[in-house]
Each structure stands twice: as structure tokens, then as C-alpha cells.
Amino acid sequence: VPAVRLPEALRELAGANATGANASTGADASADALGANSTGDPLSSIRDQEEWAYRAAAIVCWGVSVLTLCVACFLRSSVDAAAACMEVACEAIFEMPTLLFAPVIKALVKGALVVALIYGFALLWSLGDAAEFDLPMPKISDESPHITHSATQDLVILFYMLVAFWILAFASALYEFVVAYAVATFYYTPHEEGDDGHYIDEKDVDGCCAALEGLRIGLCCHSGSLALGSAIIAVLHVLQKLIEYAQLKNQEAGENKLVECVLAVCSCCIRCLQDVVGFINRNAYIDIAVNSNGFCSAAKRALQMVLDLGGAMAILNGATYIFAIFGTAFITLACGAGTYFVVGVGPFADPSSMFFVEDPLAAGIVGLLVAFPVALAFMDVFDMASDTLLYCYGIDLRNGKEDHHAPLALRELLERFGDEEHHSSG
């Protein structure tokens, strides 16, 4: 019996060894496959990253869409008011389509000024004394090469910053004055007569001539008033930069909590003053364009006008701000989406083409970044136009001539909000 069972035992042992060998081979193969997947093909890892990027972008877009829909539902009345305001502003701008080139000209001029001012600042900064080091150079962690300035040079740099911000603020003030002058020219142009001899709600204005005339008058007659208003903005900008510099130094020194709190309060106050002064300056420039007053008198009349028009002007100004937000978001997202879909077809999607775009998502993001400042600039024209029309109508209301110059859509808009304010107060 043992002699008979010995071959069977040997066969079972051989079978067990073969099974173990197959199991180990399978485990090694699985480990190799897992290692191959973990190290992976570079192209597959890139595809995985792109897939996650697309999913993240889709989630962000859906979130923005839902948020925009909720805001639009909650602020329905403000959106309606904003649409009516922009309709009136569009009538004025479409009568003077050359105003649409104003943001482009402003961007080019301010861009050239920024480049020139940065170049001058670099030259001024290089006047300091460069730290001298003996070879070998010290480690960067200990001390790096730098330029030191004396107290006089620091004051000169500070003064240069003030003048630079002043120049840029003056360019913005002149731009706002030109737009306000052109829109005021449209407002005070008499209505055209129809075939039956009655006036119709149409005006004929040469926008190019009005803008050029506004530029000439702004430079030759009101440059002092514009410079005074822009000087206030420049001083606030410099104070804001000094606070930011102090915050940076405080972080380097160990972040003193008391100093950090004081600087944060000062920064909030400066930003609040910037918003208030910017609002007053805008209305003051409109008054200068309409009544040719000095800056101080224009600012006083602008505040009085805001008080006279009361809640209607506040509601409409807030409505135009909401419209500017929605308009900027829509233009930016539309341009980004358009860029993404365009680079996904035709020669841009053909790997053999010289115009092939490997990552459409990156191109879409660049489209978003480029479209955002452009959208802001163009929406600012509509905002300035609507503010000017409201201010001119307020002047007519004060003088009892609201039916002489105001477009029909503007009269209906303000009458509607005036009635709503009266009912709410009653």
C-alpha cells in the first residue's frame, strides 16, 4: 500500500507546487501591471489631468450659472430697472457710435503712460547705492544683493509715485469728462420734427465731433478742475500703497496683531474714501461738462442733485451697477466659451496643422482673462452714459423743463420709479 500511495503523493505534491508557481506568477504579473499603471504612460496621465480639469471647469460653470440665476431672481426689480437704464444709455450711444472707441483709446493711452511711468520709476530706483559684496557671494538666505536709498531718495520716490498716480487719475478724469460732454450734447440736442410737424423721440448728433469738442474743452478750459479731482484720488492711492507697504513690513517683522488690526482699519477707511470720492468726482465731472462750474462748486451741486433726486437716483445707480456686473460676466463667459469651441474645430484641432492647439481649455482661460478687462471698459461707457442722462434730467427737473430735452424712455423710467418711491414712502 505504501508503495502504491507514494506515486500519488508525489503527484499531489507536484500539483501543489505547480499551483503555487502559477499563483506567484499571477501575483507578479498583477504587481507588474499595477506598477505599470502607477508609473503609467505620460500621455495617459496628461489625459487624466485634462479630464479632471474639464470636470472642474464644468462644475465651476454650473455653479456660476446657478448663482447668477438666484441673484437674478432675488433682484428682479433691480434687473428690470437696470435694463431700462441701459436701454436709455444704448439709445444715446447708438446715436454716437464713436463713443464705443473711447474705451479702446483710453486703454491705449493709459497703457503707454503706465509703461513710461514704470520705466521712469526703474531709473529713479536705480539711483540708490548698490550693496557691495566680496567674492564668493553670500548665500541668498543670509543676505541678497539689494539697493539702499537715503531718506531724501525715499521722499523723491514717494513724490514720483504721487505724480504717477496723479497722471493716471487725470487721464481717467479726462475720459469721463469727454463721455459726459458727448452724452450731455446728445441730451440737449432738440428732438427732430416728424412729417406732421410734431417732435419725435429721435435726435441727430455727430458723436465724433462731440467727443473731440469735449476733449478740447476738457484740456483747454477745465484741466484745473479735472486735475484737482484727480489729485484727491492720487493722494488716496498713495496712502493705500503706504498702508500695504506697512502691512508687508509688519509680516516680515513677525506680524504684530495690534499693528495688523490698526493697518486693516486704516485700509478699510481709505478704500471707503476712494469709493465715496470716486462717486462724487464722477458726478462733479458731469456737472462741469454741463454747467462749466469749477470742481468745488460742481461737487457741491452734484451732492445736492443726489439729495434732490433721492431714492430714484440711488435705485437707478444701484441698478446700473448690477447690470454692469451681469454684463461683464456674460461678455467674459461668452468670449471664453467661444474661444474654447473655436479652437476645438478646424485647423486648430488638426495635429498636422501649424495652428494646432493642444490644450483648448488653456486657450479658453486666456480668452476669459483677455475678455474681462475689455468687458469692464465697455460697460463703464454705458454706466457713465446712464449717470449723465440721469444728472441732466435732474437739472431739467430742478428748472421745470423735464419735457424739453429728455428722451421718452428716460421720462417714463424716472416717472415709474418716482411713483414707486412715493407709494413706498406713503
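The values are calculated or read from the model by the stated rules, or taken from the named source; none is laboratory data. A quick note: this is a predicted structure, and the numbers were derived from the prediction, not measured. Note that each Cβ is placed from the backbone with ideal geometry, even for glycine, and that neighbours are counted across all protein chains shown. Accessible surface is based on the protein model in full, side chains and every heavy atom, while ligands, DNA and RNA are left aside. Shrake-Rupley method; radii C 1.70, N 1.55, O 1.52, S 1.80 Å.
Some notes on this structure:
- Close pairs from region 319-348: first open to solvent by 60 Å² or more (accessible area, probe 1.4 Å), partner acidic (Asp, Glu), Cβ under 8 Å, at least 6 apart: TYR321/ASP383
- Scanning region 340-375 for residues that are more than 20 Å from PRO97 (Cβ to Cβ) and under 16 Å from the mean Cα position of the chain (by Cα) returns ILE365, VAL366, GLY367, LEU368, LEU369, VAL370, ALA371, PHE372, PRO373.
- The single condition from (1) open to solvent by 30 Å² or more (accessible area, probe 1.4 Å); (2) modelled with pLDDT under 90; (3) in contact with a helix residue (DSSP H, G or I) (Cβ under 9 Å, 6 or more places away or on another chain); (4) assigned to a helix (DSSP H, G or I) that GLU202 fails is (4).
- Residue, modelled with the lowest pLDDT, within region 205-224, restricted to residues that are open to solvent by less than 20 Å² (accessible area, probe 1.4 Å) and part of a helix (DSSP H, G or I): GLY207
- Any chance GLU193 is at pLDDT below 90, open to solvent by 40 Å² or more (accessible area, probe 1.4 Å), charged (D, E, K, R) and closer than 26 Å to GLY394 by Cβ: no
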